[in-house]
Structure formats: C-alpha cells, structure tokens
Amino acid sequence: VPHYTANLVAQTVVFGGGVFDSYLYSTALPTSYRQAIAATAVIVWPLLVLARFTLAVSLRESVRHAEAQAVVLARKVKAGEAEIGPIPERMVLLPHMQVFALAFCGELYGEALSRDAVGVSLRIGRANLEGSIACKAFHLAEFVLRGARDLRVHMEGSHIEDDDLVALVRQFPHSLSSLEVNLAGTEVGNRAAKALAEALPFDLESLKIGLNSTAITDDGLKHVAKFLPSGLETLELILYNTQVSDVGMRALAKNMPQRLVSFRVGLSQTRVGDEGILLLMFQVPETVRRLRADLSGLRITDQSVMGMLHHLRELTRLEGFETSVSGTQVTEPVKALLKQAEQYARR
C-alpha cells in the first residue's frame, strides 16, 4: 500500500507540476508564501520519486523472499516433513500470497500441474509425489485454478483414500464447464464419491468420472446421480469392476440429464443385470447423438439387449453407437443385431 500511494502521489505531482505552479501565481497569496510553497514542492518531488524506487526495490526483495520460502516449504511437504492447512480467508488477499502459492505449486507439483489455454490439468503420474500429499496441498493451487473453465484430474493408481479426495474436491472452482476426474484403481469409496458429487459445479456441460476398480457401491453412485447438473451435454461414467448393481442404475436412470448429446457408461464386471440395463437405457434422452455402453461380463440376457435395441429406434439423432457384450448370456443372433445397429448408426 505505501508503495502504490507514493507512486500515485509522485506521478500526480510530477505530471501536474506545471498546473500547480500556474495556480499558485494566480492566487492572492503574498509572494513570500508562494515562493516558500514552490521551494517546498521542488524539494519534495525528488524525495517522493526516490521513495517510489526505494519501495519498489523493497517490494521486489520481499517477492523473492516469498518465492524462496515457498520452495523450501514445498520440499519439506514433499518429503513428509511438514503439513499445511487451508489458507485463512483473511490471508487470501495478501499481496504476496499469490506469489507464494504459485511458487509452492511449481515446486511441489512440477509438470504434474499445468495450465494452458484450455484449462488446468493435474496428473499425479507425472510427479514423484504421493497422491495423498498432492490432494491435501491442493488448496494452495487456488490461484492456478482461479477462473478455469476446464479441469482434468488424473490420479489413477495413486495411493489415495476418501479423506484425500475430500480435501481435493473442495478446491474445484465454480467457473468450470468441463470436468474430468479419473480415480481408477485407487482406494476411494462412497464417502469420496459423495464429496465429489457435492462439489460438482452447477453449470457443468461435460463430466467424465472414472471410478473403476474402486470401493464405490450403489450408495456412492446414488450421490453422484443425485447431484448430476441438469445442463450436462456430455456424461461419461466408468464403473468397471465395482459393486454397483441394478439399484445404482435405478438412481442413475431417475436423475438422467435430459440435454445429453454424448453418453458413455462402463459397467463391465459389475453386478448390474437385465433390470438395471433396461431401466437405464430407457431413460437415455432423445437428444443423444453418441451412445456407448460397455457391458462385458455382466449377467445379462437377450431381454435387456432387445429392449435397448427397441429404444434406439426412438433416438432419431443418433450418429454413433457402440456396445460390448462379450462374456454375457446374450445369444449370437442378438449380437448380430447389435452389430447391425452399430453399423446403421454410423451412416
């Protein structure tokens, strides 16, 4: 604040000096008074300019100090020698907080956290960093995330649990229109799914979630379905090798966004049966142009596949359709009908 105040005063005096001088000599003040005021101004002007540059140098030094301290702290956090908590609201607007946070994130995440013209990407696989630490320190990435429209979080295979993801999703900016979160092969479960669902921005247009090979069950899927933004145009839910069943499909069908253009669901190696597939597919909206259903390894029969084929006739805008039913009880004649439907949709 002193730096900017001195800067403003100095510029005002220097650039307005001529006007000020003319004003003095147009007043009825005695000559001695005018001369004293003019002499004082001549002395004060260079002092103000000097103060400006002195404060500027001090500011640069303090910025370098903040960056150095951020790097030291990031290295301690990465080594497990220190932990950090959320930034108090009263400190977010401090002049050096943004400098500190950006330097901290640059050292801690390295290439794993990047921002481009499209949005922000966090890929833990690109850093020698534990997933748990990456999640719990993510609140300092607020300045990187600010105003982002697109966020891609890839933590597949990382050693993270529910508490870690709860800390991470709290930082999702409300400005997002596109979100991709891949948690495949992690130890997250229903509590993490609930936190993720509640953190979804209302204005999302594209959502891709990978929860395959996690501990999610129908309870977690219910939360995700409940908080799906109504304006979604792209939805991708990958749930391979989980304990979701027809109960979860019923919740997803009930909350299916009605403006979808692209819809993909991955259910291979789950507990979903004919009932769940029928419930879900009959709620796919007519707006869908691209539909993909991965159903390999399910205990489904011709009943659900024929029902799906029947509903495809109502999807008049469909331009692309893919499905896989290997390892199921679907008969060969019905599989042939599926292939015909896929070929027809590509025309």
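Please pick out the residue among Leu298, Leu278, Leu291 that is touching a helix residue (DSSP H, G or I) at 6+ places or on another chain (Cβ under 6 Å) and crowded, with 18+ Cβ neighbours inside 10 Å.
None of the others qualify; the one that does is Leu278.
Starting from residues that are modelled with pLDDT of 90 or more and out of contact with any Phe, Trp or Tyr (no Cβ under 8 Å at 6 or more places or on another chain), keep the ones in the stretch 117-131 and report whichever is surrounded by the fewest Cβ atoms within 10 Å (Cβ to Cβ).
Among them, the one singled out is Arg123.
Exactly one condition in (1) farther than 22 Å from Glu275 by Cβ; (2) surrounded by fewer than 19 Cβ atoms within 10 Å (Cβ to Cβ) is not met by Leu196; state its number.
Tallying (1) farther than 22 Å from Glu275 by Cβ; (2) surrounded by fewer than 19 Cβ atoms within 10 Å (Cβ to Cβ), Leu196 fails exactly one: (2).
Failed condition for Phe143, given (1) touching a Pro at 6+ places or on another chain (Cβ under 9 Å); (2) at pLDDT below 90; (3) farther than 18 Å from Ala195 by Cβ, with all others met?
(1)
Here's the yes/no breakdown for (1) hydrophobic (A, V, I, L, M, F, W, C); (2) closer than 23 Å to Lys254 by Cα:
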| residue | (1), (2) |
| --- | --- |
| Val153 | yes, no |
| Phe172 | yes, no |
| Lys194 | no, yes |
| Leu200 | yes, yes |
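Based on what the data block shows, is Leu309 at pLDDT below 95 and aliphatic (A, V, I, L, M)?
yes
Is it the case, given these coordinates, that Glu107 is modelled with pLDDT of 85 or more and assigned to a helix (DSSP H, G or I)?
So Glu107 passes the test.
If we scan the stretch 61-74, do we find a residue that is in contact with a His (Cβ under 6 Å, 6 or more places away or on another chain) and modelled with pLDDT of 65 or more?
Checked the stretch 61-74: at least one residue is in contact with a His (Cβ under 6 Å, 6 or more places away or on another chain) and modelled with pLDDT of 65 or more.
Yes/no matrix, rows are residues, columns are (1) in contact (Cβ under 8 Å) with a residue 12 or more places away in the chain; (2) not aromatic (Phe, Trp, Tyr); (3) not in a helix (DSSP H, G or I):
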| residue | (1), (2), (3) |
| --- | --- |
| Gly307 | yes, yes, no |
| Leu318 | yes, yes, yes |
| Ala336 | no, yes, no |
| Ala341 | yes, yes, no |
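Residues being open to solvent by less than 90 Å² (accessible area, probe 1.4 Å), charged (D, E, K, R) and under 36 Å from the mean Cα position of the chain (by Cα): count how many of those fall in the stretch 323-347.
1
Exactly one of (1) within 13 Å of Ser324 (Cα to Cα); (2) open to solvent by 60 Å² or more (accessible area, probe 1.4 Å) is unmet by Val305. Its number?
The single condition Val305 does not satisfy is (2).
Okay, residues lined up against (1) touching a strand residue (DSSP E or B) at 6+ places or on another chain (Cβ under 7 Å); (2) under 19 Å from Ala82 (Cβ atoms); (3) free of Cβ contacts under 8 Å to residues at least 24 places away in the same chain; (4) not acidic (Asp, Glu):
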| position | (1), (2), (3), (4) |
| --- | --- |
| Gly110 | no, yes, yes, yes |
| Leu122 | yes, no, no, yes |
| Leu129 | no, yes, no, yes |
| Ser132 | no, yes, no, yes |
| Ala141 | yes, yes, no, yes |
| Arg146 | no, no, no, yes |
| Arg152 | yes, no, no, yes |
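Identify all residues within the stretch 173-188 that are open to solvent by 10 Å² or more (accessible area, probe 1.4 Å) and more than 18 Å from Leu129 (Cα to Cα); write none if there are none.
Selection gives Pro173, His174, Ser175, Ser177, Ser178, Glu180.
Tell me, which residue of the stretch 213-246 that is under 22 Å from Gly327 (Cα atoms) and among the hydrophobic types (A, V, I, L, M, F, W, C) is surrounded by the most Cβ atoms within 10 Å (Cβ to Cβ)?
If we take residues in the stretch 213-246 being under 22 Å from Gly327 (Cα atoms) and among the hydrophobic types (A, V, I, L, M, F, W, C), then Leu239 is surrounded by the most Cβ atoms within 10 Å (Cβ to Cβ).
Go through (1) in contact with a Gly (Cβ under 6 Å, 6 or more places away or on another chain); (2) open to solvent by 40 Å² or more (accessible area, probe 1.4 Å); (3) not hydroxyl-bearing (Ser, Thr, Tyr) for Arg313 and report which single condition fails.
Only one criterion is unmet by Arg313, namely (1).
Being touching a Lys or Arg at 6+ places or on another chain (Cβ under 6 Å), within 25 Å of Phe263 (Cβ to Cβ) and of a type in the set (D, E, K, R) is the requirement here; does Glu180 meet it?
yes
The values are calculated or read from the model by the stated rules, or taken from the named source; none is laboratory data. Given the structure is predicted, the values throughout are model-derived calculations rather than measurements. With ideal geometry, Cβ positions are generated from the backbone for all residues, glycine too; neighbour counts draw on all protein chains shown. Please note that ligands, DNA and RNA were not included when accessible areas were found on the heavy atoms of the full protein model with its side chains. Shrake-Rupley method; radii C 1.70, N 1.55, O 1.52, S 1.80 Å.
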